[in-house]
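Asks: Okay, here's the structure, questions in a sec.
The values are calculated or read from the model by the stated rules, or taken from the named source; none is laboratory data. In this text, all values refer to a predicted model and were calculated from it rather than measured experimentally. Here Cβ is always computed from backbone atoms with ideal geometry, including for glycine, and neighbour counts include all displayed protein chains.
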Amino acid sequence: MAMGALLIVAMPAGPVGAQNDGPVIRNYQMEGDLESPNDIGCIPIDQARPAYNPVDLYRGAAACIAREEWDDAASLFALGGVYGRYDMRRVSDRTAHQAVMVAQMSAFGDLEEAQQAKLSETVGRIADDPEELGALCSAIAALGPPTYQPRYMSRHGLGAFTGNEGSAPEGFDPQATFKEVMTGFLHCPAAE
């Protein structure tokens, strides 16, 4: 089954004791669900673009892990997290928000334990070093909020099946939301 698919299990109705073949399983997936329109490969953060969605970025981080480019992997992982949290604020369909976690599972689910540990260690090192965190925060702040439409997420939720994919909440402020995610999720120092 594809990651991000909607899975429906239904038990056939009938009289007690009647012969049935068990549950009926239907797998529904919308076009655009968890799409990655940019195959970026392993790139340093200064080559990232606000057009890259979290699926692109996590796949890029996985490519960096395969090359043992740990700082680049951690930076793309962080940017994917920032953009994913930002998208959760601008996609009102809460059932779609799991797209970020599913994208992470898809990109990193096959990592060996040692690779997971090394990525975690690298992320922790950057987070604990004010100079490294400051440099990462500056690089991401220079990119600004994402410019893509969060189709990878909106097509992942139940709203995609009901025709209500969840537009941005009324009064959504892109710049303020981006700053909130930078300080609240990535723990960047507040901009002066």
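Asks: With assigned to a helix (DSSP H, G or I) and free of Cβ contacts under 8 Å to residues at least 40 places away in the same chain as the only criterion, which of Leu57, Leu119, Leu136, Leu79 stands out?
Replies: Just one listed residue meets the conditions, Leu57.
Asks: Which members of segment 31-88 meet the condition of being closer than 16 Å to Tyr148 by Cα, small (Gly, Ala, Ser), crowded, with 18+ Cβ neighbours inside 10 Å and modelled with pLDDT of 95 or more?
Replies: Ala48, Gly80, Gly81
Asks: Let me ask you something else. I'm trying to understand the selection: among the residues of segment 47-66, which are among the charged types (D, E, K, R) and farther than 21 Å from Ala142 by Cβ?
Replies: Within segment 47-66, just Arg59 meets the criteria.
Asks: I need the full set of residues from segment 47-88 which are more than 19 Å from Arg125 (Cβ to Cβ) and among the charged types (D, E, K, R), in order please.
Replies: Arg49, Asp56, Arg59, Arg85, Asp87
Asks: Residues that are farther than 16 Å from Glu35 by Cβ and modelled with pLDDT under 70: which helices (runs of 4 or more DSSP H) entirely in segment 147-192 hold 2 or more of them?
Replies: It comes to 159-162.
Asks: Note down all Cβ pairs under 6 Å where the first residue falls in segment 26-54 and is of a type in the set (Val, Ile, Thr), the second is at pLDDT below 70 and in a strand (DSSP E or B), and they're at least six residues apart or on different chains.
Replies: Between residues of segment 26-54 that are of a type in the set (Val, Ile, Thr) and residues that are at pLDDT below 70 and in a strand (DSSP E or B), there is no close pair.
Asks: Being loosely packed, with under 15 Cβ neighbours inside 10 Å and assigned to a helix (DSSP H, G or I) is the filter here, so list the residues in segment 122-133 that pass it.
Replies: Answer for segment 122-133, where residues must be loosely packed, with under 15 Cβ neighbours inside 10 Å and assigned to a helix (DSSP H, G or I): Gly124, Arg125, Asp128, Pro130, Glu131.
Asks: Any chance segment 97-113 includes a residue that's crowded, with 18+ Cβ neighbours inside 10 Å, in contact with a Pro (Cβ under 7 Å, 6 or more places away or on another chain) and modelled with pLDDT under 95?
Replies: Yes, some residue in segment 97-113 is crowded, with 18+ Cβ neighbours inside 10 Å, in contact with a Pro (Cβ under 7 Å, 6 or more places away or on another chain) and modelled with pLDDT under 95.
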